[in-house]
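Participant: Here it is, the structure, as structure tokens.
Values quoted throughout were computed directly from the atomic coordinates according to the rules given, and no laboratory measurement underlies them. Keep in mind that what you see is a predicted model, and the values were worked out from it rather than measured. Cβ placement follows ideal geometry from the backbone for every residue including glycine, while neighbour counts extend to all protein chains displayed.
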Amino acid sequence: MKLYALYFSPTGGTKKVLDMICSAWDCQKEYIDLSDFPKVDSSITFHENDLCIVSVPSFSGRVPQFIIPILQHLQGNNAKAILISTYGNRAFDDTLLELKDTMEQSGFLCYCAIAAVTRHSVMPKYGAKRPDSDDIEELKQFSIQCQNILKEPFSPIKVPGNNPYRKYVSIPITPKADKQCIDCGLCYEKCPVHAIPIDNYRKCDTNICISCLQCMTICPKKARHINAFVLKIAELKMKKLCSGRKPNLLFLPLK
């Protein structure tokens, strides 16, 4: 068996959860960063004995939309799949359902799914320090349960969500660079939706940006920022929805 780990982790939290889950498997592993779109080989053909773990953050309660066409081009051929949606201590809404529907349409058998809390990428005061030690232990237990499920005959899973899916609305927060920017172009190269213009790396197209903040995370000079006033308004607006400790959830086949 070969394990393929597909992920989008713009600020690192989703990859951290994925690593915790993947650590349970002692087999050949291949990691595929879905945000590195020029290098993603969407023509990969999977086989029945392969395991594909797909981990994405919930954006506005949905799968980040640039990922959907990539997954739709995969050739599942009844390969086993585990689905992971991370969320920033608010809710994951229709993310797992949309991910499940997309993977099934591409020929994968979805054995189980996980919703895991991470620090909110845009408003890091929510879900701060998560996944913490309790989360790590719980996710390890989830991994063991998933391993056991994969040994059993396939049975479909049911995950929360609605179809039609909720409307996809990007957070109106776009990072821009300050005078520390050295015009290295890394943000332009790594932006998954081409929101940074080639002729001015310091700007960002607000009509395209999905507020993933990957450009801020990878900037070698930490020169990209979001407007502090806009961020404060967003934090106050989300306070009620993001307060308290939200749970990690494991979804297994119906018995």
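Participant: Among all the aspartates and glutamates, which ones have a C-alpha under 17 Å from Lys158's C-alpha, if same-chain residues fewer than 8 places away are not counted?
Facilitator: Straight-distance partners of Lys158: Asp93, Asp94, Glu98, Asp101, Glu104.
Participant: Could I ask something else about it? Chymotrypsin sites (Phe, Trp or Tyr not before Pro), restricted to the range 92-186: which are DSSP loop and have at most 14 other Cβ atoms within 10 Å? Walk me through the numbers before you get to the answer.
Facilitator: On the way: sites: Phe92, Phe108, Tyr111, Tyr126, Phe142, Phe154, Tyr165, Tyr168; in loops: Phe92, Tyr126, Phe154, Tyr165, Tyr168.
Answer by residue number: Phe154.
Participant: Could I ask something else about it? Over the chain, calculate the relative contact order: mean separation of alpha carbon pairs under 8 Å at least 6 apart, over the residue count, as a percent. It would help to have the intermediate numbers written out before the result.
Facilitator: Values: 523 pairs, mean separation 51.8, N = 255.
For the chain, the relative contact order is 20 percent.
Participant: Given a 10 angstrom Cα cut-off, can you work out which residue in Gly88, Gly13, Gly161 is the most mobile in a GNM of the chain?
Facilitator: Between Gly88, Gly13, Gly161, it is Gly161 that shows the largest mean-square fluctuation.
Participant: Near the amide H of Cys52, under 5 Å away, which other amide H atoms are found, from residues 5 or more places off or on another chain, if H is placed in the peptide plane?
Facilitator: Under 5 Å from the amide H of Cys52: Tyr4, Lys80, Ala81, Ile82.
Participant: Per residue of the range 190-201, in order, report the coupling 6.51 cos²θ - 1.76 cosθ + 1.60 (Karplus, θ = phi - 60°) as ³J(HN,Hα) in whole Hz, putting x for Gly and Pro.
Facilitator: Values, residue by residue: 9, 4, x, 10, 6, 8, 9, x, 5, 8, 7, 5 Hz.
Participant: In addition: Amide H to amide H, which residues 5 or more places from Thr86 or on other chains are under 5 Å from it, using H placed in the peptide plane?
Facilitator: Under 5 Å from the amide H of Thr86: Val56, Ser58, Ala116.
Participant: Counting helices only, and only those DSSP H runs with n ≥ 4, report the 222 nm mean residue ellipticity of the chain as the sum of -39,500 (n - 2.57) divided by its residues, in deg cm²/dmol to the nearest 500. If you can, show how the numbers build up before the last one.
Facilitator: Working: 7 runs with 70 residues, N = 255.
Counting only the DSSP helices, I get -8000 deg cm²/dmol.
Participant: From the square roots a ≥ b ≥ c of the eigenvalues of the alpha-carbon gyration tensor of the range 202-255, which class results: rounded (a/c under 1.5), prolate (a/b over b/c), or oblate? Don't jump to the answer; show the numbers that get you there.
Facilitator: Working: a/c = 2.56, a/b = 1.68, b/c = 1.53.
Because a/c hits 1.5 or more and a/b exceeds b/c, the range 202-255 counts as prolate.
Participant: Per residue and in Å³, how big is the convex hull formed by the alpha-carbon atoms of the range 17-90?
Facilitator: Working: hull volume 7.6 nm³, N = 74.
Dividing the Cα hull volume of the range 17-90 by its residues yields 103 Å³.
Participant: Give me Rg over Rh for the range 91-245, both radii from the alpha carbons and Rh done the Kirkwood way, two decimal places.
Facilitator: Ratio of gyration radius to Kirkwood radius for the range 91-245: 1.03.
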